[in-house]
Amino acid sequence: MERLTLPPGGAAAVDEYLEYRRIVGEDDGGKLFTPEEYEEYKKKVLPMRLQNRLFVSWRSPTGMDCKLIGPETLCFCTHRYKQHKTDFETVPQQRPIELPCRVTGCQCKAYHYVPLNGTQPVRCRCKHFADQHSAALGFACNSCSKCSGFHSCFTCACGQPAYAHDTVVETRQERLAQGKPVGRDVPYAAMGGLTGFSSLAEGYMRLDVSGIGAPSVAVLDSPVSATDHPFLRALQMPSTSASQTLTDGNEGPSTQISSLRKPEEDDMAYFERRYQERIKMEKSAKQKGKALLPPGTKPS
């Protein structure tokens with residue numbers, strides 16, 4: 001394995017370059033700014049960026065931000081969000097706000113997020129992938145003539161189909177009016193909807209201030225019901241209503257056994273206890289069946 005060594009001051013130079021790249025993004029055209037150009041760029045762009053930041057998300061019909069768009073998030077046109085126009089001296093008044101792609105020759109006129117199925121692009125109802133469709137408005141298929149436009153039935157983790165979601169571009173004020181987090185003001189380019197580390201997670205997994213918000217106290221204190229997740233039901237404190245009654249014909253009195261995990265049990269102890277209870281119930285049922293058979297009859 002090769003080891004990378006840096007000269008004295010090298011780590012600081014790397015940090016400065018990373019800071020430069022986060023601020024400038026694609027605006028230098030691949031050629032580093034001189035120190036003078038860099039300072040002039042920051043004086044011009046940073047106040048505008050801090051004041052007119054646009055938040056981009058992929059939103060479900062229920063209002064959940066299922067995907068918060070960041071600098072590296074791909075658009076339908078296969079280019080990243082940071083390659084689109086994201087800085088505005090004045091926020092456009094028309095809605096929706098269009099963020100055209102700045103890559104030469106790209107026909108994309110507005111940023112449009114398309115989900116991935118794992119690491120693969122999703123398919124349209126015409127059976128072709130998203131990247132086989134045109135990036136121009138209408139998203140016609142380039143591989144067949146029967147497709148009228150990209151339409152995917154891929155189901156998001158929120159339970160809603162992909163075609164029911166919308167790519168939403170909104171201002172800080174519009175987001176605050178909906179009670180959604182906006183994070184801190186940062187000078188970096190193309191931050192989109194990222195407001196914290198958990199912004200990288202899917203919408204249903206974000207339960208803190210950088211996601212959809214923490215659940216209310218009433219939700220956290222509500223009792224576990226039969227419709228809740230099995231893990232919640234398994235970790236619930238045992239109750240007499242959730243007990244099962246086992247009657248052993250030889251012993252006489254009924255024995256109360258709980259199908260829920262006890263607080264002091266680990267996983268293996270819980271599963272072993274449940275296994276032994278099941279074996280005991282099966283043996284008891286066989287003995288009870290033998291007792292009900294007429295004399296001289298063999299069990300089938």
Check: When you scan the stretch 118-136, how many residues do you find that are farther than 17 Å from residue 73 by Cβ and surrounded by 13 or more Cβ atoms within 10 Å (Cβ to Cβ)?
Finding: 9
Check: Consider residue 111 against the criteria (1) assigned by TED's automatic domain parsing to the domain that holds residue 163; (2) of a type outside the set (A, V, I, L, M, F, W, C); (3) in contact with a strand residue (DSSP E or B) (Cβ under 9 Å, 6 or more places away or on another chain); (4) more than 26 Å from residue 28 (Cβ to Cβ): it satisfies all of them except one. Which criterion is unmet?
Finding: (4)
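Can we say residue 45 is among the hydrophobic types (A, V, I, L, M, F, W, C) and either closer than 19 Å to residue 193 by Cβ or touching a strand residue (DSSP E or B) at 6+ places or on another chain (Cβ under 9 Å) (or both)?
On the way: among the hydrophobic types (A, V, I, L, M, F, W, C): yes; either closer than 19 Å to residue 193 by Cβ or touching a strand residue (DSSP E or B) at 6+ places or on another chain (Cβ under 9 Å) (or both): no.
Spelling it out, it is not the case that residue 45 is among the hydrophobic types (A, V, I, L, M, F, W, C) and either closer than 19 Å to residue 193 by Cβ or touching a strand residue (DSSP E or B) at 6+ places or on another chain (Cβ under 9 Å) (or both).
On the basis of being in contact with a Pro (Cβ under 8 Å, 6 or more places away or on another chain) and surrounded by 17 or more Cβ atoms within 10 Å (Cβ to Cβ), does residue 85 make the cut? Walk me through how you get there before you give the answer.
Details: in contact with a Pro (Cβ under 8 Å, 6 or more places away or on another chain): yes; surrounded by 17 or more Cβ atoms within 10 Å (Cβ to Cβ): no.
No: the conditions fail for residue 85.
Could you check, for the stretch 200-212, whether at least one of its residues is among the basic types (Lys, Arg) and either in contact with a Lys or Arg (Cβ under 9 Å, 6 or more places away or on another chain) or at pLDDT 85 or above (or both)? Please lay out each step first, then the result.
Going residue by residue through the stretch 200-212, those that are among the basic types (Lys, Arg) are 206.
Filter again for either in contact with a Lys or Arg (Cβ under 9 Å, 6 or more places away or on another chain) or at pLDDT 85 or above (or both), leaving none.
There is no residue in the stretch 200-212 that is among the basic types (Lys, Arg) and either in contact with a Lys or Arg (Cβ under 9 Å, 6 or more places away or on another chain) or at pLDDT 85 or above (or both).
Criterion first (under 21 Å from the mean Cα position of the chain (by Cα), small (Gly, Ala, Ser) and exposed (fewer than 13 other Cβ atoms within 10 Å of the Cβ)) does residue 179 satisfy it? Step through it out loud before you land on a result.
Details: under 21 Å from the mean Cα position of the chain (by Cα): yes; small (Gly, Ala, Ser): yes; exposed (fewer than 13 other Cβ atoms within 10 Å of the Cβ): yes.
It is true that residue 179 is under 21 Å from the mean Cα position of the chain (by Cα), small (Gly, Ala, Ser) and exposed (fewer than 13 other Cβ atoms within 10 Å of the Cβ).
Being in contact (Cβ under 8 Å) with a residue 12 or more places away in the chain and of a type in the set (S, T, N, Q) is true for just one of 62, 34. Which residue is that? Please lay out each step first, then the result.
Working: 34 fails: in contact (Cβ under 8 Å) with a residue 12 or more places away in the chain.
Exactly one residue qualifies, and that residue is 62.
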Margin query: Among the residues of the stretch 141-157, are any closer than 15 Å to residue 66 by Cα, surrounded by fewer than 17 Cβ atoms within 10 Å (Cβ to Cβ) and modelled with pLDDT under 90?
Written below: yes
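The values are calculated or read from the model by the stated rules, or taken from the named source; none is laboratory data. These numbers come from a predicted model, not from an experiment. Cβ: placed from backbone, ideal geometry, glycine included. Neighbour counts: every protein chain shown.
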